[in-house]
1. Which members of region 141-154 meet the condition of being crowded, with 16+ Cβ neighbours inside 10 Å and either part of a helix (DSSP H, G or I) or at pLDDT below 80 (or both)?
2. Within region 62-114, which residues are at pLDDT 90 or above and surrounded by fewer than 16 Cβ atoms within 10 Å (Cβ to Cβ)?
3. I want to confirm something. Restricting to region 36-58 and keeping residues that are over 12 Å from His85 (Cβ atoms) and among the basic types (Lys, Arg), which single residue is most open to solvent (accessible area, probe 1.4 Å)?
Amino acid sequence: MAKKDVPPRWDRKMQQRLARGEAAALGELYDRFASLVHGLAHRVLGDERAADGITREVFVHVWEHPDTYDPKQGPLRTWVATLTHRLAVQRLRATETAALAREGSGTPEELEHKVRRASVAARADYIVQSMPVPLRSALERAYFQRRDYRQTATDLGITEDEARRRLRLGLQLLSTAHESEAPGTPPGYGGAV
């Protein structure tokens, strides 16, 4: 196994601790990833209570099935995000399908469009949260503060070339939110929606 293929030590140890049933490991994992899980679930579902429910489901699944995480497939963070996304999309499909049946309005195609739109948005959020701070800072200034690359360079104390490079790389990463073998899947960990 090449050096770059070796999963981070923390990920491997965490999986081992969870497999041994260490409650402290679950608490540590929750402290580290709860905001990510809740944020992704909320982005897909648009509902605080539903996001709370998905957050509970994700950590129950991780506690009951730590062996389903394969460190060779990617980081633990990505696995947790993928699990969150899958459960949130399943919940969205179920609630929207039930609403369509009750109301008799809308089509399955409209439902699928809504699910895909929510999936792309959640994937974009995940990508931004996972970016290195220098890239995220440049994108935030350009997008939220409407700064151009020159102003971003000044704000960050970097050269204009470096600001352009960071913005370009950040936008390239964000563009992958629309690309995936399974639409809306967080990057780096395979799996169907």
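The values are calculated or read from the model by the stated rules, or taken from the named source; none is laboratory data. The shown structure was predicted, so the numbers you read here are calculated from the model rather than taken from an experiment. Methodologically, a virtual Cβ is constructed for each residue, glycine included, from the backbone with ideal geometry; neighbour enumeration extends over all protein chains shown. Keep in mind that these areas ignore ligands, DNA and RNA; they rest on the heavy atoms of the full protein, side chains included. Shrake-Rupley method; radii C 1.70, N 1.55, O 1.52, S 1.80 Å.
1. Of all residues in region 141-154, those crowded, with 16+ Cβ neighbours inside 10 Å come to 141-142, 147, 149, 152-153.
If the condition is that a residue be crowded, with 16+ Cβ neighbours inside 10 Å and either part of a helix (DSSP H, G or I) or at pLDDT below 80 (or both), then Arg141, Ala142, Tyr149, Thr152, Ala153 are the ones that fit.
2. Listed by number, the residues that qualify are Trp63, Glu64, His65, Asp67, Thr68.
3. Arg49
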